[in-house]
1. Taking segment 227-248 as the search range and keeping residues that are over 13 Å from residue 270 (Cα atoms) and not in a loop (DSSP other than H, G, I, E, B), which one is farthest from the chain's Cα centre (by Cα)?
2. I'd like to check something: does segment 337-358 contain any residue that is closer than 30 Å to residue 61 by Cα and in a helix (DSSP H, G or I)?
3. Does residue 259 satisfy being over 29 Å from the mean Cα position of the chain (by Cα), surrounded by 13 or more Cβ atoms within 10 Å (Cβ to Cβ), modelled with pLDDT of 80 or more and not in a helix (DSSP H, G or I)?
4. If you check 371, 332, which single one turns out to be under 20 Å from the mean Cα position of the chain (by Cα), over 19 Å from residue 272 (Cα atoms) and either surrounded by fewer than 18 Cβ atoms within 10 Å (Cβ to Cβ) or outside the structural domain of residue 304 (by TED's automatic domain parsing) (or both)?
5. Collect the residues in segment 357-375 that are farther than 15 Å from residue 297 by Cβ, touching a helix residue (DSSP H, G or I) at 6+ places or on another chain (Cβ under 7 Å) and at pLDDT 95 or above, keeping them in residue-number order.
6. When residues of segment 14-31 are filtered for being touching a helix residue (DSSP H, G or I) at 6+ places or on another chain (Cβ under 6 Å) and either assigned to a loop (DSSP other than H, G, I, E, B) or at pLDDT below 85 (or both), how many remain?
7. Taking segment 359-391, which residues are in a loop (DSSP other than H, G, I, E, B) and touching a strand residue (DSSP E or B) at 6+ places or on another chain (Cβ under 8 Å)?
8. Quick check: anything in segment 331-347 at pLDDT 85 or above and under 30 Å from residue 24 (Cβ atoms)?
């Protein structure tokens, strides 16, 4: 049986990823419907900590994991490292004495506790006294209640509040003003998330480099010249090519040598990747991880989709999938002069085609949107079972790249 494990980022007020919530879906069902919360959490624990490794899933950041009443009473959390786990108590857990006693044991042992989809009732006061993080669903909780909850907890200065399902800039700013310090939601993958921040001018220059690299008539000499005129680009390319990612037995000391070994297409791809990383690292380093993960997944799916010859195109599809976020402009405007394949452009602009469905399948798996994931796999006639291996391999690749 194949199990599917995904993650949703949790951000601080600076848009930095500080944790992940782990999401599980059983391969038995088309969409996991939380009919058995115990099974879901045990699946997360088994896969993330035993089979896969939590380091691979979260990069060493804390993992929020949903706990049911039964799993709390069974002290399952004690099987997990307290510095890498936040015990997230589901909203349907009744705060009776056995549950409170289980939470006290967790607190004494040094575990952090979060209350999921919290709505205040008097009966939850004992849990509030033990909780470190309160998660509030911004889609279902009216604005006055969001603020009232923080005021009720004013005597608990160490308590943090997490705004969940933040879908727009208005909710994000309101949460900030009220005292929410953690955020979770699709807002952070939308262009408006950076609309209030200045994008450095050099990012625009970097996009010009990407356009040059994408020219169909690019000659080897032109490629070498583009690289050599940027000292930083030259240094990073040589560093990458001499790393363990490539495993060459001899040291590569010139751009021309690199091109002769890897070929124009592969060097062009790596220079594009480095340039993109420079754009993201300036102000929004989390974008590069998300984009690289998406890019590598798209590329690795190429053979299963009968598109092995277009793996580089699919890599660019994923890599460029957040350019609208980075530049706070619509794709139609960004891609106007970028000479990439028409079907890639069409897909990035949101028009339905097979390439678009590939991107949506990868994004929905990455975000744990299981319904959309199944829908797009069906459109592609693609087996869902290949995704867990692809996703984990892509995570490993991104981790190796990030260390360079």
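1. So the residue we want is 228.
2. Our first condition is that a residue be closer than 30 Å to residue 61 by Cα; within segment 337-358, this holds for 358.
Next cut, in a helix (DSSP H, G or I) only: 358.
Yes.
3. Numbers: over 29 Å from the mean Cα position of the chain (by Cα): yes; surrounded by 13 or more Cβ atoms within 10 Å (Cβ to Cβ): yes; modelled with pLDDT of 80 or more: yes; not in a helix (DSSP H, G or I): no.
The answer is no for residue 259.
4. Answer to the selection: 371.
5. Residues satisfying the conditions do not exist here.
6. Of the residues in segment 14-31, the ones touching a helix residue (DSSP H, G or I) at 6+ places or on another chain (Cβ under 6 Å) are 17, 20, 22, 24-25, 30-31.
The next check asks that each one be either assigned to a loop (DSSP other than H, G, I, E, B) or at pLDDT below 85 (or both); those that pass are 24-25, 30-31.
Residues flagged as touching a helix residue (DSSP H, G or I) at 6+ places or on another chain (Cβ under 6 Å) and either assigned to a loop (DSSP other than H, G, I, E, B) or at pLDDT below 85 (or both) within segment 14-31 amount to 4.
7. First, pick out the residues of segment 359-391 that are in a loop (DSSP other than H, G, I, E, B): 368-369, 381-383.
Within segment 359-391, 368 is the sole residue that qualifies.
8. yes
The values are calculated or read from the model by the stated rules, or taken from the named source; none is laboratory data. Predicted model, so just to flag it, every value in this text is computed and none were measured. With ideal geometry, Cβ positions are generated from the backbone for all residues, glycine too; neighbour counts draw on all protein chains shown.
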